[in-house]
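Remarks on the structure that follows.
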Amino acid sequence: MKENFEINPAKYKGIADHRLNYFADVVEIIALVAKSEISVGETLDRFYDCGLKEKKGPETNDSNQKWVEAIFELIEFRSVVFGEKYPFNYDIKGKFLLIENSLSTLQKLYVQLLISSNLPFFTGYQSKLTTDFENVSFYSLTFRRSGILKCEK
């Protein structure tokens, strides 16, 4: 990807606020592309800057802050559920997210699926990403049926 690649969260403008999974994906993608920590405050600032959220007054700003905190609670949940397979380091105290320095194969797979499920951010790469997604799907289903791939409980 280009060095100065930017993620514009406004591409998800119009998606209902309760669909936190979309916005958790956005935060993860920002952390991936920025290769630096992304916090609740920085996320909210980015959402304001791109017009995804509006600053209207103290009550609305508090509501927006709580909404972003809920997004980070979902990110925390993901980090617990995926454990060492989660490609990000989530700091509970500081409430920030950072991509790991070195990724395992399963962590890379998570990143690939994350990017493939958020094509609006990667318009120049959509053809390659959809092809890669189809290949991952084919091989994972083929291996699963043949017994080569065993599901962990």
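From the list Ser104, Ser117, the one residue that fits, being touching an Asp or Glu at 6+ places or on another chain (Cβ under 8 Å), closer than 18 Å to Val81 by Cβ, loosely packed, with under 14 Cβ neighbours inside 10 Å and in contact (Cβ under 8 Å) with a residue 24 or more places away in the chain, is Ser117. Looking only at residues in segment 52-62 that are without any contact (Cβ under 8 Å) to a residue 40 or more places away in the chain and surrounded by 13 or more Cβ atoms within 10 Å (Cβ to Cβ), the one that is nearest to Val111 (Cα to Cα) is Lys53. Assess whether Asp49 counts as being farther than 20 Å from Asn118 by Cα and either touching a residue at least 24 places away in the same chain (Cβ under 8 Å) or surrounded by fewer than 13 Cβ atoms within 10 Å (Cβ to Cβ) (or both). Considered against the rule, which asks whether it is farther than 20 Å from Asn118 by Cα and either touching a residue at least 24 places away in the same chain (Cβ under 8 Å) or surrounded by fewer than 13 Cβ atoms within 10 Å (Cβ to Cβ) (or both), Asp49 comes out as yes. Return the total of residues in segment 9-21 being of a type outside the set (Lys, Arg), under 14 Å from the mean Cα position of the chain (by Cα) and surrounded by fewer than 16 Cβ atoms within 10 Å (Cβ to Cβ). Adding up the residues that qualify gives 1.
Can you name every residue in segment 18-64 that is closer than 21 Å to Leu98 by Cα and either of a type in the set (Lys, Arg) or in contact with a His (Cβ under 7 Å, 6 or more places away or on another chain) (or both)? Residues satisfying the conditions are Lys35, Arg46.
Rule-based calculations on the coordinates, nothing more; no lab input. Bear in mind that the values here come from a model prediction, so they are computed numbers and not experimental data. Note: ideal-geometry Cβ built from the backbone for every residue, glycine included; neighbour counts use all protein chains shown.
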